[in-house]
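One structure below.
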Amino acid sequence: MKPSPRHRWVIVGLLVLATTINYIDRQALSVAAPVISRELGLTATDYSWIVFSFLLAYAVMQVVTGALVDRLGARLGFAIAIAGWSLASMAHALGRGVLSFSALRFVLGFFEAANYPAALKAIAVWFPPSERSSAVGWVNVGPGLGAILAPPLIAWLTLQWGWRSAFVATGVLGFVWLAFWLYLYRDHRPDEGAYGPAGSEPLVPKPVRVSWTNLLRDQRSLGLMLARFTSDGAFYFFVFWLPTYLASVRGFEIRQIGLFAWVPFLFADLGALVGGFAGTRLIRAGRSIDASRKIVMWAGAILAACALPAATASTPYAALAWISVALFGIQVKSSSLFTVPADIFPPGAVALAWGLSGAAGSLGGMLFQLYVGRIVDTVGYNPVFLAVSAMHLVSVCFVMLLIPNIGVPEQA
C-alpha cells in the first residue's frame, strides 16, 4: 500500500523529533555543567576543551557522514547515527574529568554529525524547491525544542537522582525514536510524483553524483562554507554556555536554570518557523528563490545583533529577553541558509554539500569555543557577546558575495 500524500509531513515530524533528541543529548552536559564543574573542579577553560572535542568530531564527521548518507540513504544512515549517539550519551555517566568527558563528547559528535545531512537529504527527496524552506524551518524547530526541554528535564533528573542519571535517561530516547523511523521511513517512494502539486515534475530527478573536489572548487560551496564558518559559533555559544553564564554572571542556581534557561530557545523555535514560512510565502508571492532566501537571511542577521545589549542588561531577565530576540533572528536566518544546498545542488550531492558547509561551521564553532573559554576566564563575557552580535552579519555578506544566484538544482 502506498503512503498517503501527507506522509512526507510525518517524515518531517520524525526529523523534528530526531533533531530534538540530538540537542537534548548535547545540551545535557551544558545544563549539568555548573554541578559537574563544582563536583570535579573544572574551570571555564577546561569546559571549553570538552566542548571543543565535541565540535572537532562534529566538524570532521559532517563531511564523512554527508558522503555516506548520499550512498546509504537517509533511512540506514540515520538509524546508525542515532543508535551511536544514544549509546555515547548514556556513556557520559562514566565521565570522571576533562580527559574522559572530552573523549565521550568526541564520540557523541562523531555520530550526531549525521543528523542534518540525513535530514536535508530526506527533505530534498520528498519536497519540491518551493516548500523546502518550510520543511527545513520545521526541522530547525528541533534545536530550540531540545534546548527548551533540556533545562527542566536535566535539572529535574539531576536534583532527583544526580547528574549521571540525566545522561542515561536522555540516551534512551534515541532508541525509542529509532523504532518509529525504521517502521515509517523509506528512501524511495512507489510513485515519485505523488507528493508534489498537481502537474508538477517528479520530486526525485535522476541521481547526479558530484565529487568532493568539484564541490570544493565550486564558488557557491565555498560561500556556504564561509557563511557557516563565521556564524555557527554564535548558536553554539548559547547552546553550550548559556546555563554557565546564568550561573556565574547572573547568579542562577540549577533550579532557576531549569525554570528559565529554556525561554530563549522557545524564541529560537518561533524564529525557525517564521523564517521557513516567510521564505515559502515570498516565493508564492512571486519573489525568486534567490531573493526570498536572501531577504530572510538579512532580516535574521539584523535581529541576531540584539545579542550585544544582553551583556550589559540591568537584570538577568532583561538579558534573557535580548538573548531571546537574538536566537529568534539566528533561526530565522538559518531556515533559509540551511535550505541553500538543496537549492543549488542536485539531490545526489545535497548531503555532501551540507556536510562540507556543516563541517566548516563546526570548525568555526569549535575555535570560537576556545576563545570563549579563555576570554571568560580572563576578561568576562562582554567581548563574547560583541562577537556574537556581528557574526551573522558577516555570514550573509559571504552569501551575497559568493552565491549571486540561488536557484533550483535542475538549473544549477
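Each reported figure results from applying straightforward, stated rules to the coordinates on display, with no laboratory input. If you're wondering where the values come from, they're calculated on a predicted model, not measured in any experiment. Counting neighbours? That spans all protein chains shown, and the Cβs are built from the backbone with ideal geometry, glycine included.
Quick notes
- Scanning the stretch 394-405 for residues that are closer than 17 Å to S357 by Cα and either polar (S, T, N, Q) or part of a helix (DSSP H, G or I) (or both) returns V394, S395, V396, C397, F398, V399, M400, L401, L402.
- Some residue of the stretch 371-389 being touching a Cys at 6+ places or on another chain (Cβ under 8 Å) and surrounded by fewer than 24 Cβ atoms within 10 Å (Cβ to Cβ): yes
- For the stretch 307-337, a residue qualifies if it is of a type in the set (A, V, I, L, M), over 19 Å from F252 (Cα atoms) and more than 14 Å from the chain's Cα centre (by Cα), and the qualifying residues are A307, L308, V325, A326.
- Tabulated pairs, the stretch 278-298, first in contact (Cβ under 8 Å) with a residue 60 or more places away in the chain and exposed (fewer than 15 other Cβ atoms within 10 Å of the Cβ), second assigned to a helix (DSSP H, G or I) and of a type in the set (S, T, Y), C-beta under 9 angstrom, 6+ apart or interchain: R284/S130
- Set side by side, the residues F385, F398, F345 differ, and just one is more than 19 Å from the chain's Cα centre (by Cα) and within 20 Å of P117 (Cα to Cα), which is F345.
- Qualifying residue in the stretch 106-117 (condition: under 30 Å from A285 (Cα atoms) and not aliphatic (A, V, I, L, M)): yes
- Top-ranked residue of the stretch 250-304 - restricted to ones that are of a type in the set (D, E, K, R) and touching a helix residue (DSSP H, G or I) at 6+ places or on another chain (Cβ under 6 Å), ranked as farthest from A387 (Cα to Cα): R293
- Residues in the stretch 32-53 that are touching a Leu at 6+ places or on another chain (Cβ under 8 Å) and β-branched (V, I, T): I36, I50.
- Residue identified as within 30 Å of G162 (Cα to Cα) and of a type outside the set (A, V, I, L, M) among F345, F328, F338, F267: F267
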